[in-house]
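The structure under discussion appears below in the form of structure tokens.
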Ligand SMILES: Nc1ncnc2c1ncn2[C@@H]1O[C@H](COP(=O)(O)OP(=O)(O)OP(=O)(O)O)[C@@H](O)[C@H]1O
Ligand SMILES: [Mg+2]
């Protein structure tokens with residue numbers, strides 16, 4: 001299929017977001033197609049995080065439209081995007097430090113015991129949630145996490161990031177969005193996350209990946225959205241442009 | 001603390017190689033009720049060695065009777081403090097509920113069960129007002145409840161003119177919480193049992209239901225909870241309403257305990273309930289704690305009152321001791337929270 005005949009999973013047009021006098025996004029278009037990895041690159045403050053927050057209900061844009069599978073949608077809250085299968089790893093990771101790994105994984109979608117214990121007494125199925133959390137972590141290939149009952153505040157930054165990625169990968173059914181998911185990770189763990197992204201793509205699930213790591217981006221991305229000063233400076237592919245050219249567009253040294 | 005000290009925290013701090021202080025810190029962090037339990041046991045041991053009467057059923061029964069109302073109010077206070085809030089209107093709300101149901105049953109012929117239920121609903125309404133202002137308009141809980149403290153108190157005075165309703169003027173069920181229940185050789189009453197059930201119910205809800213997990217999540221990291229798809233304002237609102245319901249129940253326990261409904265029934269409820277929560281190991285910063293600590297905290301304060309009286313010291317010493325304890329508890333909380341990297 002060619003790009004013109006494929007229908008985007010998520011399509012954004014003219015997204016605008018201002019913070020007081022600061023213009024975060026100034027009319028950004030973005031399409032994500034089925035089974036692709038779309039990377040977003042850009043300097044610090046270019047609006048990458050703001051953009052994905054507007055796509056996932058974490059921020060409500062001031063203007064612009066969103067379409068999911070061709071149908072107009074508007075996400076007022078993060079839950080709205082989750083409800084349609086969009087899972088996000090935010091740059092802040094969005095984890096509750098005082099709660100344990102399994103509780104964090106299932107926060108907002110807790111599993112209750114079967115039968116009246118669950119339906120009447122609302123009893124949580126802690127065992128099931130811990131097992132599923134471990135399965136999700138192991139699915140990613142992370143070996144340093146043994147106890148799903150461990151509090152998140154006792155984990156290292158990289159471990160937290162791995163948990164956040166595992167959570168998104170486990171629950172995403174429409175689109176997975178990752179805001180700098182490897183920023184705190186070691187070489188091996190970064191590799192695991194890249195593998196996980198490929199696995200998601202192979203399942204047909206599109207992934208939006210924000211990263212400052214250009215070799216990663218050029219290795220994995222099907223298309224690269226370049227964000228600059230709150231606008232989209234162009235969309236390239238790893239074959240149409242090399243890294244140096246991409247970075248030149250990103251920094252404004254060249255234009256598309 | 002220095003950066004090197006912080007960096008040694010984390011999983012390594014729990015390992016075998018960790019120093020005793022670090023391990024203690026970790027245990028207290030996992031189980032905030034451990035320190036108040038140790039303190040309560042210590043105070044019982046010390047007071048009993050000073051005066052053996054302290055361990056007698058009579059003194060223990062008195063301890064439980066005197067603790068019940070503050071312990072009940074402390075449950076609501078705990079929930080609110082876990083969300084990172086505070087409730088200065090706790091006493092005022094309980095008294096408003098208490099006086100409303102007393103007046104309805106004594107002067108307006110409302111049957112006791114209905115009057116008690118209305119009292120509980122009035123408590124819930126007070127919670128709704130606090131919760132709506134905190135969660136919808138995003139006003140700071142301290143300011144909101146400072147305001148409603150005055151408002152609820154004023155409404156109570158308008159309703160009652162400041163006068164007490166004697167127990168004899170009310171139907172029997174209004175004061176039934178004071179009915180004696182001999183149990184385990186102790187002289188308990190219905191109110192104590194109701195408060196115990198309240199603790200079980202709220203302890204269960206906090207520890208074993210999704211609602212409880214969300215209450216902690218909202219207090220610990222509200223933005224993370226929001227991004228996880230939780231409606232932070234709905235959780236906050238629910239907590240204030242549940243707390244209000246608990247105050248309404250505590251109001252009935254209070255009438256039974258006092259054998260009357262007085263507008264000055266629990267003048268020290270605000271500070272006493274916050275004191276119990278804080279000594280109980282619940283963090284004023286939110287996200288950490290629980291109701292077990294609160295009942296222990298309330299018992300500690302009351303055991304000091306009884307113990308110091310038995311030893312022959314004046315009440316000033318209790319007040320002094322409580323002040324020291326509160327500061328020590330908050331200092332301990334700061335230390336425990338450093339486990340976080
Ligand atoms: N909540 C906010 N309040 C005010 N300004 C904000 C807020 N969030 C973002 N901004 C501003 O919007 C602009 C874009 O920020 P954004 O976080 O999207 O950048 P980014 O491309 O993700 O950068 P980085 O690579 O550092 O993560 C910046 O100028 C930033 O200061
Ligand atoms: Mg960012």
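The residues in the range B:219-232 that are closer than 20 Å to residue B:284 by Cβ and within 9 Å of chain A (Cβ to nearest Cβ) can be counted, and the count is 6.
Could you please give the count of residues in the range A:54-64 that are surrounded by 16 or more Cβ atoms within 10 Å (Cβ to Cβ), in contact with a helix residue (DSSP H, G or I) (Cβ under 9 Å, 6 or more places away or on another chain) and at negative phi? Counting residues in the range A:54-64 that are surrounded by 16 or more Cβ atoms within 10 Å (Cβ to Cβ), in contact with a helix residue (DSSP H, G or I) (Cβ under 9 Å, 6 or more places away or on another chain) and at negative phi gives 5.
The residue that is farthest from ligand 1 (Cβ to nearest atom), counting only those in the range A:190-208 that are in a loop (DSSP other than H, G, I, E, B) and buried (at least 18 other Cβ atoms within 10 Å of the Cβ), is A:205. When residue A:113 is tested against (1) within 16 Å of ligand 2 (Cβ to nearest atom); (2) within 14 Å of chain B (Cβ to nearest Cβ), only condition (1) is not met.
Here is a yes/no grid of residues against (1) without any contact (Cβ under 8 Å) to a residue 12 or more places away in the chain; (2) more than 16 Å from ligand 1 (Cβ to nearest atom); (3) within 14 Å of chain B (Cβ to nearest Cβ):
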position: A:154; (1), (2), (3): yes, yes, yes
position: A:169; (1), (2), (3): no, yes, no
position: A:188; (1), (2), (3): yes, yes, no
position: A:210; (1), (2), (3): no, no, no
position: A:215; (1), (2), (3): no, yes, no
position: A:232; (1), (2), (3): no, no, no
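Residues in the range B:175-185 include none that are part of a helix (DSSP H, G or I) and within 14 Å of another protein chain (Cβ to nearest Cβ). The set of residues in the range A:9-38 being within 13 Å of ligand 1 (Cβ to nearest atom) and touching a residue at least 24 places away in the same chain (Cβ under 8 Å) consists of A:15, A:16, A:17, A:18, A:23, A:24, A:25, A:26, A:28. Residue check: is residue A:92 modelled with pLDDT of 95 or more, within 16 Å of ligand 2 (Cβ to nearest atom) and within 14 Å of chain B (Cβ to nearest Cβ)? So residue A:92 does not fit the description; no. Listed here are the helices (runs of 4 or more DSSP H) enclosed by the range A:39-154 that have at least 2 residues being under 30 Å from residue A:253 (Cα atoms): A:48-55. Residues of the range B:191-218 that are more than 8 Å from chain A (Cβ to nearest Cβ) and more than 30 Å from residue B:257 (Cα to Cα): B:212, B:215, B:218. Considering each residue of the range A:86-105 in turn, none proves to be over 20 Å from residue A:162 (Cα atoms) and within 16 Å of ligand 1 (Cβ to nearest atom). Could you please let me know if residue A:67 is in contact with a helix residue (DSSP H, G or I) (Cβ under 7 Å, 6 or more places away or on another chain) and either more than 30 Å from residue B:336 (Cα to Cα) or within 16 Å of ligand 1 (Cβ to nearest atom) (or both)? No; evaluated as a whole, the condition is false for this residue. Residues that are at pLDDT below 95, away from every other protein chain (no Cβ under 14 Å), more than 16 Å from ligand 2 (Cβ to nearest atom) and more than 18 Å from residue A:211 (Cα to Cα): does the range A:10-19 have at least one? No, because not a single residue in the range A:10-19 is at pLDDT below 95, away from every other protein chain (no Cβ under 14 Å), more than 16 Å from ligand 2 (Cβ to nearest atom) and more than 18 Å from residue A:211 (Cα to Cα). Determine whether residue A:59 is more than 29 Å from residue B:205 (Cα to Cα) and within 16 Å of ligand 2 (Cβ to nearest atom). Yes: the conditions hold for residue A:59. Residues that are surrounded by fewer than 24 Cβ atoms within 10 Å (Cβ to Cβ) and closer than 27 Å to residue A:95 by Cα do not occur anywhere in the range B:243-252. Taking the listed residues A:165, A:177, the one that is modelled with pLDDT of 95 or more, in contact with a helix residue (DSSP H, G or I) (Cβ under 7 Å, 6 or more places away or on another chain) and under 22 Å from residue A:104 (Cβ atoms) is A:177, with no other qualifying.
Selection of the range A:212-248 for residues being at positive phi and crowded, with 17+ Cβ neighbours inside 10 Å yields A:230, A:234. The number of residues in the range A:70-82 being more than 16 Å from ligand 1 (Cβ to nearest atom), without any contact (Cβ under 8 Å) to a residue 24 or more places away in the chain and crowded, with 22+ Cβ neighbours inside 10 Å comes to 1. On the stretch given as the range A:35-53, residues that are in contact with a helix residue (DSSP H, G or I) (Cβ under 7 Å, 6 or more places away or on another chain) and near ligand 2 (Cβ under 10 Å from one of its atoms) total 2. When residues in the range A:171-184 are screened for being more than 14 Å from chain B (Cβ to nearest Cβ) and surrounded by fewer than 22 Cβ atoms within 10 Å (Cβ to Cβ), 4 of them pass. In a helix (DSSP H, G or I) and within 16 Å of ligand 2 (Cβ to nearest atom), is that true of residue A:164? Judged against the criteria, residue A:164 is a match. Within the range B:290-322, how many residues turn out to be more than 21 Å from the chain's Cα centre (by Cα) and in a helix (DSSP H, G or I)? Qualifying residue count, the range B:290-322: 8. Here B:273, B:233, B:283 are screened, and the one residue that is outside any helix (DSSP H, G or I), in contact with a helix residue (DSSP H, G or I) (Cβ under 9 Å, 6 or more places away or on another chain) and modelled with pLDDT of 90 or more is B:283. Could we say that residue A:31 is surrounded by fewer than 23 Cβ atoms within 10 Å (Cβ to Cβ) and in contact with a helix residue (DSSP H, G or I) (Cβ under 7 Å, 6 or more places away or on another chain) here? So residue A:31 does not fit the description; no.
Taking the criterion of being within 14 Å of another protein chain (Cβ to nearest Cβ) and either over 15 Å from residue B:335 (Cβ atoms) or not in a helix (DSSP H, G or I) (or both), the residues of the range B:20-51 that qualify are B:31, B:32.
The values are calculated or read from the model by the stated rules, or taken from the named source; none is laboratory data. Only a predicted model underlies this, so the values are computations on that prediction, with no experimental measurement involved. Note that each Cβ is placed from the backbone with ideal geometry, even for glycine, and that neighbours are counted across all protein chains shown.
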